[in-house]
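Peer 1: Here it is, the structure in full.
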Amino acid sequence: MSFTDDISEVLISTEAIRARVAELGAQISADYSGKNPILACVLKGGLTFLADLSRAIPIPHEIDFLAIGSYGPSTTKSGVVRILMDLESSIQDRHVLLVEDIVNTGRTLAYIVENLQTRRPASLRICTLLDKPDRHAIPIHLDYVGFTIPDRFVVGYGLDYQEKYRNLPYVGVLHGTPNIKRQT
């Protein structure tokens, strides 16, 4: 059985993702020209997006990673956000672009932004592949958005359900998961 048998709908095609990542790369390159930004990726979901985005940014830049724990193997938030892996680089006086896979409620992202702001970066912007504005529980400013999507549980292109489906080259909706919601 293939993972693709579990997908009820392809929400964003491989081609659409490829085109949008190229557009974001061009915009980010123009905005950060001469600044050597750090692309700080939120693992694990943002890794696929970061890899393609980095290749679409021809200006000098660095890459770093952080991992956040907020809901573990279940799909409901535990209420506790913790840093599981921190950035290796100092971001003080550096231009930082936080690369995220998806923004749902915005709570986890707000926690990350607040934490990174205490480290006094020269600038801090947010780039997300997917945004679900209907799920936002708090106001959050997103500088670069790949796609705005409806409140559906999606997988693929780095996004998972119980650590599966990350390797799909598109963003799709799982069969039989209408009530599952990510809380990040």
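The values are calculated or read from the model by the stated rules, or taken from the named source; none is laboratory data. Keep in mind that what you see is a predicted model, and the values were worked out from it rather than measured. As a convention, Cβ positions derive from the backbone with ideal geometry for all residues, glycine included, and neighbour counts pool all protein chains shown. Protein only, heavy atoms only, side chains kept; ligands, DNA and RNA dropped before computing areas. Shrake-Rupley method; radii C 1.70, N 1.55, O 1.52, S 1.80 Å.
Peer 1: Name the shape class, rounded, prolate or oblate, that the alpha-carbon gyration tensor gives for segment 113-158, where a ≥ b ≥ c are the square roots of its eigenvalues, rounded holds for a/c under 1.5, and otherwise prolate holds if a/b is larger than b/c and oblate otherwise. Intermediate results must be reported in sequence, preceding the final value.
Peer 2: Numbers: a/c = 2.48, a/b = 1.90, b/c = 1.31.
Cα axes put segment 113-158 in the prolate bin.
Peer 1: Would you please give the FRET efficiency between Ala51 and Asp151, computed as 1/(1 + (r/R0)^6) with r the Cβ-Cβ distance and R0 = 22 Å, to the nearest 0.05? Spell out each step's value before the answer.
Peer 2: Values: r = 27 Å, r/R0 = 1.23.
According to the calculation, E is roughly 0.25.
Peer 1: Full-extension gain between Asn115 and Asp160, please, as 0.36 nm times their residue separation minus the C-alpha to C-alpha distance.
Peer 2: Details: separation 45, 0.36 × 45 = 16.20 nm, distance 2.52 nm.
Between Asn115 and Asp160, full extension yields an extra 13.7 nm.
Peer 1: List every residue whose amide H lies under 5 Å from the amide H of Leu130, counting only residues 5 or more places away in sequence or on a different chain, with H placed 1.01 Å from N in the peptide plane.
Peer 2: Amide H neighbours of Leu130, under 5 Å, 5+ apart: Ile102, Val103, Gly146, Phe147.
Peer 1: Here's something else I'd like to know. Roughly to the nearest percent, how much of the accessible area of the chain is carbon and sulfur, given a 1.4 Å probe?
Peer 2: Details: 4420 of 8700 Å².
That share works out to 51 percent.
Peer 1: Keeping all protein chains in position, work out how much accessible area Arg18 exposes to a 1.4 Å probe, and write it in Å² to the nearest 10.
Peer 2: Result for Arg18: roughly 150 Å² accessible.
Peer 1: For Glu62 and Ile83, what is the calculated FRET efficiency with R₀ set at 30 Å and r taken between the beta-carbons, to the nearest 0.05? Please list the in-between numbers first.
Peer 2: Numbers: r = 19 Å, r/R0 = 0.65.
The computed FRET efficiency comes out at 0.95.
Peer 1: In what sequence, highest mean first, do 146-157, 83-94 appear when ranked by Cβ atoms within 10 angstrom? Don't jump to the answer; show the numbers that get you there.
Peer 2: Details: 146-157: 19.1, 83-94: 12.8.
Top of the packing list down: 146-157, 83-94.
Peer 1: Provide Glu23, Glu100 ordered by accessible surface of protein heavy atoms (probe 1.4 Å), highest first. Don't jump to the answer; show the numbers that get you there.
Peer 2: Values: Glu23 100, Glu100 15 Å².
Listed by decreasing accessible area, they come as Glu23, Glu100.
Peer 1: Whole number in Å², please: accessible area per residue of segment 76-180, 1.4 Å probe, ligands, DNA and RNA not counted. Numbers along the way, then the final one.
Peer 2: Details: 4960 Å² over 105 residues.
With all protein chains present, segment 76-180 gives 47 Å² per residue.
Peer 1: Now a separate question. Give me the compactness ratio for segment 1-69, meaning the Cα radius of gyration over 2.2 N^0.38 Å.
Peer 2: Working: Rg = 14.7 Å, N = 69, 2.2 N^0.38 = 11.0 Å.
Rg over 2.2 N^0.38 Å, computed on Cα atoms: 1.34.
Peer 1: Next up: What is the ratio of the Cα radius of gyration of the chain to 2.2 N^0.38 Å, with N the residue count, to two decimals? Display every interim value, and only then the final one.
Peer 2: On the way: Rg = 15.9 Å, N = 184, 2.2 N^0.38 = 16.0 Å.
Rounded to two decimals, the normalised Rg is 0.99.
Peer 1: Can you compute the modelled spin-label distance between Ala22 and Lys35, with each label point 7 Å from Cα toward Cβ, in nm?
Peer 2: Spacing of the two 7 Å Cα→Cβ label points: 2.5 nm.
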